[in-house]
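S.K.: This is the structure I have questions about; it appears just below.
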Amino acid sequence: MKILLVSDFSLQNFAGYLQKIAAPGATEVAIAPFGQVPQVLLGAEASLWEPRPDCAVVWTRPEAVLPSFQAVLEGKPAEASAVLQEVDDFCALLEKAAARTPVLFVPTWVLPPLHAGHGLADLATPLGPVRLLMAANLRLLEKIQATKGAFPLAAAKWTELAGAAAYSPRLWYGAKVPFANDVFKQAAKDVAAALRGIRGRARKLVLLDLDDTLWGGTVGETGWEGLQLGGHDPVGEALVDFQRELKALSRRGVALGILSKNEESVALGALRAHPEMVLRPDDFAGWRINWNDKARNLAELVRELNLGLDSVVFFDDNPVERARVRETFPDVLVPELPEDKRLYVQTLLGLDCFDKPLVTDEDRERARMYVEERKRTEIRNAAGSIEDWQASLKIVVTVSALDDGNRVRVAQLLNKTNQLNLRTRRLTEAELTQWAAAPGRKVWAFRVADRLGDSGLTGVLSIETDGDRAVIADYVLSCRVMGRGVEETLLRVAADWARQADLREIEAVHLPTAKNQPCLDFFRRSGWTERAPDTFAW
């Protein structure tokens, strides 16, 4: 991965942290010439953009790129409209740079470190410096939102977390470094998390212990009435807030599950009966509540949910259980939980592994979809055959062409689906749009619903023609709908379209990864001809 840094101040320290945090051993960080922001964004330094960077970060100071704002800081007369026009001019440069890289990060502006403040005048209308910078940042956000592949980063958070040590006049005057290293560390962590989110590598499942984790006490000993949860108790209140934050996380599309050594009926009874309980059984995608080894239970539950171990975060108050899971499954994220349960919320909110560029309607519905999938599994276990189970679900697949209404979700699915993914091709929304616009190419989105609910947009199929044949560029299906006959439906749509287009054949070439073996297994039983290893035709 290549990351290009563009700034009007020295970013050597930031580059070091970024190389260490974003992708150790695999990241090239190139730094544009100091103070040549407009020239670099316009492409004057062509060598910086070749080879094309995977990501660029444009980090500037407002007083350096907005002359009218600098005039206000100096007490000179200026117009607020002039500042906003300068923001627009700067964003026009950003738009040109965004065309040269799939991902462009732009940290928002913060007040100059040596700005002492003007008291009440800071927020005065219209030229209070703080007020004016707020307006400039808002305009920046609006413009960035309209630029494909560009994403803002909240720089004020970095300086707040660094506190009073965020700035050093000595660093600025000695090396043109306006921020202390703690700021650069926070910035590097945010960039790394943002890249993971954009590439579909955000964590998708939180597995939770119950006793002394989701509530205080041991339910098997005290009954649900004796649990420490809510009430006028500091720890009880903190654990209710912990559950609230987990519930909020599920509304962002992160599934919740339970791994607990308990009697299942007793534990589920507490979840249903306790009046202060925020999370109920229907908030969980699945559970393993028994006396078996938690690492074994984790593997079974993750397999049942069709997720990878690198999608999992495991919370348990017991350090022995944490060590067992961490050592058995290094891909699982196991945060260290503090002994003080009042700090659980802080620990959860301090994780950046769930970060995504945006939260879609599909994300908001995902927790419900996992619960519906658990109910489908219960029906399947009770059904006489796979065919009977599929028939009982009354599945409906809706096919639509790529359009403005589904493009964001299609790009998201391309970038985060691993198992049933023919080529594991990763494209940003802008790259997908550009690819699909070329002649001879088609992209379809597939929605899946049944009598238990709507699984949403869960499939992507794209084809490009080559003479009298077609080649499948993307065959992607979410693990949530695997095994219901939807896999075959995607191929049927491809065959019908090719037949109507008077093509002779369709070819699918499987590009193996560490995770997409299920896709190869499906094609081998699909009825298509495997005329060479990993190459199938119809």
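S.K.: Quick check: is even one residue across region 60-80 over 28 Å from V130 (Cα atoms) and hydroxyl-bearing (S, T, Y)?
M.R.: No - not one qualifying residue is present in region 60-80.
S.K.: For residues in region 387-401 being open to solvent by less than 50 Å² (accessible area, probe 1.4 Å) and assigned to a helix (DSSP H, G or I), which is nearest to V460 (Cα to Cα)?
M.R.: Checked region 387-401; the qualifying residue nearest to V460 (Cα to Cα) is L393.
S.K.: Same structure, new question: Among the residues of region 468-504, count how many are farther than 22 Å from Y370 by Cα and in contact with an Asp or Glu (Cβ under 8 Å, 6 or more places away or on another chain).
M.R.: Within region 468-504, residues that are farther than 22 Å from Y370 by Cα and in contact with an Asp or Glu (Cβ under 8 Å, 6 or more places away or on another chain) number 10.
S.K.: Out of region 117-160, which residues are in contact with a Lys or Arg (Cβ under 9 Å, 6 or more places away or on another chain) and surrounded by 15 or more Cβ atoms within 10 Å (Cβ to Cβ)?
M.R.: Once the filter is applied, which keeps residues that are in contact with a Lys or Arg (Cβ under 9 Å, 6 or more places away or on another chain) and surrounded by 15 or more Cβ atoms within 10 Å (Cβ to Cβ), region 117-160 yields D122, A150, W158.
S.K.: Okay, moving on. Does region 70-85 include one or more residues that are aliphatic (A, V, I, L, M), surrounded by 13 or more Cβ atoms within 10 Å (Cβ to Cβ) and under 22 Å from D190 (Cβ atoms)?
M.R.: no
S.K.: Condition (residue is in contact with a strand residue (DSSP E or B) (Cβ under 6 Å, 6 or more places away or on another chain) and closer than 30 Å to G149 by Cβ) applied to region 520-533: is it met by at least one residue?
M.R.: The answer is no, given that none of the residues of region 520-533 is in contact with a strand residue (DSSP E or B) (Cβ under 6 Å, 6 or more places away or on another chain) and closer than 30 Å to G149 by Cβ.
S.K.: Would you point out which residue out of D466, D454 is over 18 Å from S526 (Cβ atoms) and over 24 Å from the mean Cα position of the chain (by Cα)?
M.R.: D466
S.K.: Can you name every residue in region 519-538 that is out of contact with any helix residue (DSSP H, G or I) (no Cβ under 7 Å at 6 or more places or on another chain), open to solvent by 40 Å² or more (accessible area, probe 1.4 Å), assigned to a loop (DSSP other than H, G, I, E, B) and not basic (K, R)?
M.R.: Scanning region 519-538 gives G527, P533.
S.K.: Right, here's the next one. Considering region 86-106 alone, what residues qualify as being touching a residue at least 12 places away in the same chain (Cβ under 8 Å) and closer than 20 Å to S68 by Cα?
M.R.: Within region 86-106, E86, V87, D88, F90, C91, L93, L94 meet the criteria.
S.K.: Tell me which of these T222 doesn't satisfy, since it passes every other one: (1) open to solvent by 10 Å² or more (accessible area, probe 1.4 Å); (2) modelled with pLDDT of 90 or more; (3) among the β-branched types (V, I, T).
M.R.: Result: T222 passes all but (2).
S.K.: I'd like to check something: does region 364-376 contain any residue that is under 30 Å from Q228 (Cβ atoms) and open to solvent by 40 Å² or more (accessible area, probe 1.4 Å)?
M.R.: Checking region 364-376: at least one residue is under 30 Å from Q228 (Cβ atoms) and open to solvent by 40 Å² or more (accessible area, probe 1.4 Å).
S.K.: Test of understanding: among L18, L48, which residue is at negative phi and open to solvent by 10 Å² or more (accessible area, probe 1.4 Å)?
M.R.: The conditions single out L48.
S.K.: Residues that are open to solvent by 50 Å² or more (accessible area, probe 1.4 Å): find the helices (runs of 4 or more DSSP H) completely inside region 402-518 holding 3 or more of those.
M.R.: 486-500
S.K.: Moving on. Enumerate the pairs (first residue in region 321-340 and within 21 Å of A238 (Cα to Cα); second residue anywhere and open to solvent by less than 20 Å² (accessible area, probe 1.4 Å) and in a loop (DSSP other than H, G, I, E, B)) with beta-carbon separation below 9 Å, excluding pairs fewer than 6 apart on the same chain, so at least 6 apart or on different chains.
M.R.: Sorted first by the residue in region 321-340, then by its partner, the pairs are V334/D316; L337/T213; L337/D316.
S.K.: Within region 520-538, which residues are among the aliphatic types (A, V, I, L, M) and within 32 Å of the chain's Cα centre (by Cα)?
M.R.: Scanning region 520-538 gives a single hit, L520.
S.K.: Quick check: anything in region 244-259 more than 30 Å from A154 (Cα to Cα), at pLDDT 90 or above, in a loop (DSSP other than H, G, I, E, B) and out of contact with any Pro (no Cβ under 8 Å at 6 or more places or on another chain)?
M.R.: Looking for residues that are more than 30 Å from A154 (Cα to Cα), at pLDDT 90 or above, in a loop (DSSP other than H, G, I, E, B) and out of contact with any Pro (no Cβ under 8 Å at 6 or more places or on another chain), one finds none in region 244-259, hence no.
S.K.: Could you look through region 188-210, keep only residues that are out of contact with any strand residue (DSSP E or B) (no Cβ under 7 Å at 6 or more places or on another chain) and not in a loop (DSSP other than H, G, I, E, B), and pick out the one that is surrounded by the most Cβ atoms within 10 Å (Cβ to Cβ)?
M.R.: Restricting to residues being out of contact with any strand residue (DSSP E or B) (no Cβ under 7 Å at 6 or more places or on another chain) and not in a loop (DSSP other than H, G, I, E, B), the top hit is I198.
The values are calculated or read from the model by the stated rules, or taken from the named source; none is laboratory data. Treat the numbers as computed from the prediction; the structure is a model and nothing was measured. So basically every Cβ, Gly included, is an ideal-geometry build from the backbone, and we count neighbours across all protein chains shown. Ligands, DNA and RNA are excluded from the accessible area calculation, which covers all protein heavy atoms including side chains. Shrake-Rupley method; radii C 1.70, N 1.55, O 1.52, S 1.80 Å.
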